[in-house]
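Step one of this worksheet: look at the structure below.
What follows draws every value from the coordinates through simple rules; no lab data is involved. This structure is a prediction, so every number in the text was calculated from the model and none was measured. For neighbour counting, all protein chains shown are included, and Cβ atoms are generated from backbone atoms with ideal geometry for every residue, glycine included.
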Amino acid sequence: MEVLKVVNPGRFVFPLACLAAVAMLFISEGSYWQAVAAMREISAMQTAQVSIVGLSQSVLDAETGQRGYLLSNRREYLLPYQTAIKHIDESFAVLEPYYSADPAARDMLAKLRGLTDAKMSELALTIRLHDEGRDSAALELVLSDIGKQKMEAIRQVGAKLLAHQSQNVAASRGDLIKTLSLNRVGVAALSAISLLALLLYLRKSAALVRHQLELKQRAQVEHDRLETEVAKRTAQLTELTQHLVTAREDERNRLARNLHDDLGSLLTSAKLDAARIRSRLAGTTPETLELLSHLVGTLNSGIALGRRIIEDLRPSALSNLGLIATLEILAREFADHSGVDVQCALEPVDLDVDAELMVYRLVQEAITNITKYAQARHVWVNLSEHENHVEVSVRDDGVGFDTTKKPDSKYGLIGMRFRVEAEGGALHVFSSPGNGTTVQAILPLPSLEKNQEPVHT
């Protein structure tokens, strides 16, 4: 039978106590320096909090300065706007290095940076429009929901980032307090109790870290899923819009081909048959010859009508003569038909075939609306190319309308807007009762539309 050896733990108590005491001295000293580092980190966190709050306030100050300048037209009102630009740059200079090691905060800061840049670009654009004397355009932009939406988005992202930072500060403070408390208890209490307390603390902290990491991972997965879903839905809507526009033009082309190939051939054949009949009935009664002449005239009118319908469905001049000549023909025909004076200022532009067709349809639809509703005496059609975009506009001196209300031609405007946005551009309508109407489209250049977001002015 084997004898079990019982080890007396008493002889290990004092050495372990000495070791524990020495360990506690080292732990105490280490805790001190950890506390110093934590206080410095908390101070940096608070600086980051102040920068986040100051960033939102600076954007608000910039908007306040912009509004004051637009209302008063006094340059001194731009001082808050100019000061805010400097403060915004300083805030990002503090925050970007600080969050370089925090992926979640870094992503939120990058989003906040993009929203802030977009907002400041909007404010700069309104100021530029005002300086250029385009107060109506500036006012239109100010009164739109775009600025409000951007500001609200900045507030939301800033609030999330601030909440994230507040959590970090609270966690750091909590950890600091716990560390100091445990150190105090450990120094004053027995080594064994201190070690046990430290063990429990470490286990609890590890569990908390694991739980927080798990929650963070779940939140990131859900965020990525939502971002992917939003991008997917946006792409689907854009694709659907482009498909509808393309399908409409394809149907127009099909109808034009059918009219040209089938109806045109039938009418031409009927005209030739009538001419043969007339030659064979040269000696017949005048009444019969008169009826044949009337039939030939009717067939000629039908052929001319078919050609006009075909041209409306598929402008052959666009492919044969180019965009400028086609627009000039459209304007001249409109002027001859309506008696309205039309002035054209058309410059050569660099657009692809689909975009040129869209410009033609836009001008065509705008002229149609002028015929139906404007009661105008003069119309101006402009086409010009700028550094990074093409601008086309149709302006009249008609009765105008209230843009805050839905006009009778709302469906035409919706169709124009869909066409322009399908090409990556933006459509603007400027009008007021008694002051005419301007329909303006801003289109990206072909070399830029793959690398840039839709153009907005």
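Points worth noting:
- For region 321-457: rounded, prolate or oblate by the Cα gyration tensor [a/c cutoff 1.5]: oblate
- Each residue in Arg361, Arg134, Arg233 was given a count of other beta-carbon atoms within 10 angstrom of its own, and listing them fewest first yields Arg233, Arg134, Arg361.
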